[in-house]
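The values are calculated or read from the model by the stated rules, or taken from the named source; none is laboratory data. Computed from a predicted structure; not experimentally measured. Note: ideal-geometry Cβ built from the backbone for every residue, glycine included; neighbour counts use all protein chains shown. Calculation scope for accessible area: heavy atoms of the full protein, side chains included, ligands and nucleic acids excluded. Shrake-Rupley method; radii C 1.70, N 1.55, O 1.52, S 1.80 Å.
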Amino acid sequence: MKEQKNRVSFFHSIKIKILLLVFGTVLASVVICIATAVPLARSSITNLTESYMEDMVYIAGESLQRSVSTQGTDAVMTAQILEGVLGGVKVKGMDSSYAYLVSSEGIMLYHPTADKIGQLVENDAVKGLLGEIGRGNRPQTDVIVYDYKGVTKYASFYIDPDMSFILVVTADEKEILHGVTSLTVNSSIGGLIVLLLCNIVGFIVALKLVKPIERTTREASRLAELDFTEMESKKSLVNRNRMDETGVINRAISELQQELALVAANI
């Protein structure tokens with residue numbers, strides 16, 4: 001009955017507290033690392049891609065403008081010529097990236113999808129640029145983000161000095177941030193592995209820490225019940241004073257047991 005009374009409940013044991021401490025500490029560290037690294041990676045990749053797209057559309061736009069100036073609009077603004085000039089203009093390694101050309105009237109002069117050539121431009125972002133041109137303003141080359149049929153897209157644009165056309169290079173945000181997604185997944189998997197390993201190590205350490213404490217508790221209980229028989233595993237427990245505090249406690253209990261046993265024998 002007394003043994004059951006003195007037994008420590010599972011959820012109040014030192015082992016569980018140590019494991020919860022290890023689990024909480026490692027989990028918090030992993031979450032903080034991911035929460036810090038992912039936004040930084042996202043920002044770096046986004047800024048790098050935007051800069052790359054802006055430079056690309058500017059170079060392609062200037063080249064197209066020079067061709068128009070030297071060869072004339074009619075000679076350059078044909079589907080075949082534009083395919084040769086703009087067909088390869090896109091963000092390398094991204095299947096969703098491509099270039100298209102829009103006239104100042106909003107007519108698609110070139111698009112990788114041939115059926116769209118000659119049609120009115122559809123997305124509101126380019127329509128906003130056309131509105132600026134209509135008011136006599138020439139927006140400087142930049143990158144804009146917009147939604148098109150539920151897909152978030154990044155688009156860099158170039159408007160020629162005469163404001164006769166808008167060249168756009170676009171790419172899907174999902175593909176741009178693919179590296180960030182991979183980083184998040186790989187970091188999460190790595191964090192789970194570290195969490196598991198740390199908890200295994202923590203469990204082993206907890207067992208080594210708690211085992212002598214449990215022995216000490218049993219011996220203290222025996223002493224409280226005036227049981228003066230020889231201490232359980234006396235040598236291994238008492239010798240722990242060479243390593244930690246548990247051995248000191250056990251030696252004190254052992255000496256007290258011996259003294260009380262002598263007193264009891266003389267009564």
Next item on the list: Kindly list, by first and then second residue, each pair from a residue in the stretch 166-184 that is over 30 Å from GLU105 (Cα atoms) to a residue that is of a type in the set (Phe, Trp, Tyr), limited to pairs with Cβ atoms under 8 Å and residues at least 6 apart or on different chains.
Entry: ILE176/TYR154
Notebook entry, point to check: Of all residues in the stretch 195-212 being surrounded by 14 or more Cβ atoms within 10 Å (Cβ to Cβ) and farther than 21 Å from ALA28 by Cα, which is modelled with the lowest pLDDT?
Noted result: PRO212
Item checked: VAL68 β-branched (Val, Ile, Thr), open to solvent by less than 40 Å² (accessible area, probe 1.4 Å) and in contact (Cβ under 8 Å) with a residue 12 or more places away in the chain -> yes
Margin query: Checking GLY106 against (1) open to solvent by 60 Å² or more (accessible area, probe 1.4 Å); (2) of a type in the set (Gly, Ala, Ser); (3) on the phi > 0 side of the Ramachandran plot: exactly one of these is not met. Which one?
Written below: (1)
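If only one of VAL194, VAL201 is over 30 Å from ASP74 (Cα atoms) and more than 20 Å from the chain's Cα centre (by Cα), which one is it?
On the way: VAL194 fails: more than 20 Å from the chain's Cα centre (by Cα).
Result of the check over VAL194, VAL201: VAL201.
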Next item on the list: Would you please list the contacts, defined by Cβ atoms under 7 Å and residues six or more apart or on different chains, that run from a residue in the stretch 104-124 that is over 13 Å from ALA79 (Cα atoms) and assigned to a helix (DSSP H, G or I) to a residue that is open to solvent by less than 50 Å² (accessible area, probe 1.4 Å) and at pLDDT below 90?
Entry: ASP124/TYR146
Check: So LYS116 clears everything in (1) of a type in the set (D, E, K, R); (2) open to solvent by 70 Å² or more (accessible area, probe 1.4 Å); (3) under 17 Å from SER96 (Cβ atoms); (4) modelled with pLDDT of 90 or more except one condition, right? Which one?
Finding: (2)
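How about the stretch 39-51: which of its residues are surrounded by fewer than 16 Cβ atoms within 10 Å (Cβ to Cβ) and either touching a residue at least 12 places away in the same chain (Cβ under 8 Å) or under 18 Å from the mean Cα position of the chain (by Cα) (or both)?
Just the residues of the stretch 39-51 that are surrounded by fewer than 16 Cβ atoms within 10 Å (Cβ to Cβ), to begin with: 39-40, 43-44, 47-48, 51.
Scanning the stretch 39-51 gives PRO39, LEU40, SER43, SER44, ASN47.
Looking at the structure I just gave you, is GLU132 assigned to a loop (DSSP other than H, G, I, E, B), more than 18 Å from GLU62 (Cβ to Cβ) and over 31 Å from the mean Cα position of the chain (by Cα)?
Numbers: assigned to a loop (DSSP other than H, G, I, E, B): no; more than 18 Å from GLU62 (Cβ to Cβ): yes; over 31 Å from the mean Cα position of the chain (by Cα): yes.
For GLU132, the condition - assigned to a loop (DSSP other than H, G, I, E, B), more than 18 Å from GLU62 (Cβ to Cβ) and over 31 Å from the mean Cα position of the chain (by Cα) - is not met.
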